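Presented below is the structure to which this report refers.
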Amino acid sequence: MTGTSTPSAAAVAVADAGAAPRNRIAATFAALREQGRTALIPYVTAGFPFADITPALMHGMVEAGADVIELGVPFSDPMADGPVIQKAGEKALALGIGMAQVLEHVRVFRQRNRATPVVLMGYANPVERYDQRHGEGAFVRDAAAAGVDGVLIVDYPPEECEAFAASLRAHGMDLIFLLAPTSTSQRMQQVARVASGYVYYVSLKGVTGSGALDTGAVEAMLPRIREQLGEGIPVGVGFGIRDAATAQAIGRVADAVVIGSRIIQLIEDQPHEKVVAVTVDFLRGIRKALDA
């Protein structure tokens, strides 16, 4: 491992097209559509399992074929996360990782990778606390400056964050929303009015890492979601994707596959020098299955 990223095929296509750094998410999905490929979106909690590992881990994920990276912002009360990611967040918090450190991880990553989109995933409290400490609008300003491309705030409902979405768009960033098996058509329409980048479909009722994935139910739900969202917003699917077989099954019907809890489990007990290699080996298997 050299610590640098080998760009994904989508990133190479974006670079070859001479695309500007903004909007990286739209450019990446456009390139993948042209290639007939499914996006691989791995999730890791920033600062886990070691405070300094995240930029190298992000580079490793890109080397393994990641098209977009979701970076979890540690929070003490994560309502949508299961025990695996809760534990990762608790450890990261104990290591002193907050929003400022997360943005610094992205800045360091951007020194060597200008192409791969980075999405911050978390909760309202750390965002609003950051603004309280640094001034109104500081989060959006500093996230854009660090090189963030999108934000997914689990507890921001679409009807209450139009101003936040507009501020992100003005800074070249997307606001990404969750949809669930219980989402009504009305809720999907509300999301469609403010969402950009992609929409994250939670394939299971419950928290991350729970339950068994019903690929048939996902396949039946996606046309309904796309009908409400329109053609312009890709749909990624996460929760319950743990191996190459489930990733491949979902990749046949979704625009993106999101995988997180399994990565956290694989690296939580690894020594520092093995964290990146273990992640790369796992994601290469997922990437190979998606491309098959």
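A short reminder: the numbers here are calculations on the coordinates, not readings from a lab. Owing to the predicted nature of the structure, the values given are computational and were not obtained by experimental measurement. Neighbour counts are summed over all protein chains in view; Cβ atoms, including those assigned to glycine, are modelled from backbone coordinates with ideal geometry.
I need the GluC sites (Glu not before Pro) found in segment 57-163, filtered to DSSP loop residues with at most 12 other beta carbons within 10 Å of theirs. Show your work: numbers first, answer last.
On the way: sites: E63, E70, E90, E104, E128, E136, E159, E160, E162; in loops: E136.
Passing sites in segment 57-163 are E136.
Loop only per DSSP, at most 15 neighbouring Cβ atoms within 10 Å: give me the GluC sites (Glu not before Pro) in segment 217-284, ordered by residue number. List each step's numbers first, then the result.
Values: sites: E219, E227, E231, E268, E273; in loops: E231, E268.
Listed in order of number, the matching sites are E231, E268.
Derived scalar couplings between HN and Hα for segment 144-155 equal 4, 5, 6, x, 6, 10, x, 9, 10, 9, 4, 9 Hz in order, rounded to whole Hz, by the Karplus curve 6.51 cos²θ - 1.76 cosθ + 1.60 (θ = phi - 60°), x for Gly and Pro. Length available on full extension from R112 to Q189: 0.36 nm per residue minus the Cα-Cα distance, which gives 23.9 nm. For the pair E34 and A220, what calculated FRET efficiency results from E = 1/(1 + (r/R0)^6), where r is the Cβ-Cβ distance and R0 = 41 Å, to the nearest 0.05? Computed FRET efficiency for A220 and E34: 0.90.
Summing +1 for each Lys or Arg and -1 for each Asp or Glu among the other residues whose beta-carbon sits under 11 angstrom from that of A100 gives +1.
Local charge sum around Y130 (other residues, Cβ-Cβ under 12 Å, Lys/Arg +1, Asp/Glu -1)?
Result for the neighbourhood of Y130: -1.
For I259, the residues 5 or more places off, or on other chains, whose built amide H falls under 5 Å of its own are I41, Y43.
Could you list the trypsin sites (Lys or Arg not before Pro) in segment 218-285 that lie in coil according to DSSP, counting only those with at most 14 other Cβ atoms within 10 Å of their Cβ? It would help to have the intermediate numbers written out before the result.
On the way: sites: R224, R226, R242, R252, R262, K274, R284; in loops: R242, R252.
Qualifying residues, ordered by number: R252.
The Rg/Rh ratio of the chain, with Rg taken over Cα atoms and Rh as the Kirkwood radius over Cα pairs, comes to 0.92. Taken one residue at a time, the phi angles of segment 96-109 give Karplus couplings (6.51, -1.76, 1.60, θ = phi - 60°) of x, 8, x, 4, 4, 5, 4, 5, 5, 4, 5, 4, 5, 4 Hz. Gly and Pro are set to x.
Once you have a ≥ b ≥ c as the square roots of the Cα gyration tensor eigenvalues for segment 135-292, tell me rounded if a/c is under 1.5, and otherwise prolate or oblate according to whether a/b is larger than b/c. Each step should come with its number before you reach the end.
Details: a/c = 2.03, a/b = 1.20, b/c = 1.68.
The shape class here is oblate.
Summarising the amide proton neighbourhood of L179: residues at separation of 5 or more, or on other chains, whose placed amide H is nearer than 5 Å comprise Y200, Y201, V202.
Given a cut-off of under 8 Å on Cα pairs at least six residues apart, what relative contact order in percent is computed for segment 9-291?
Answer for segment 9-291 is 22 percent.
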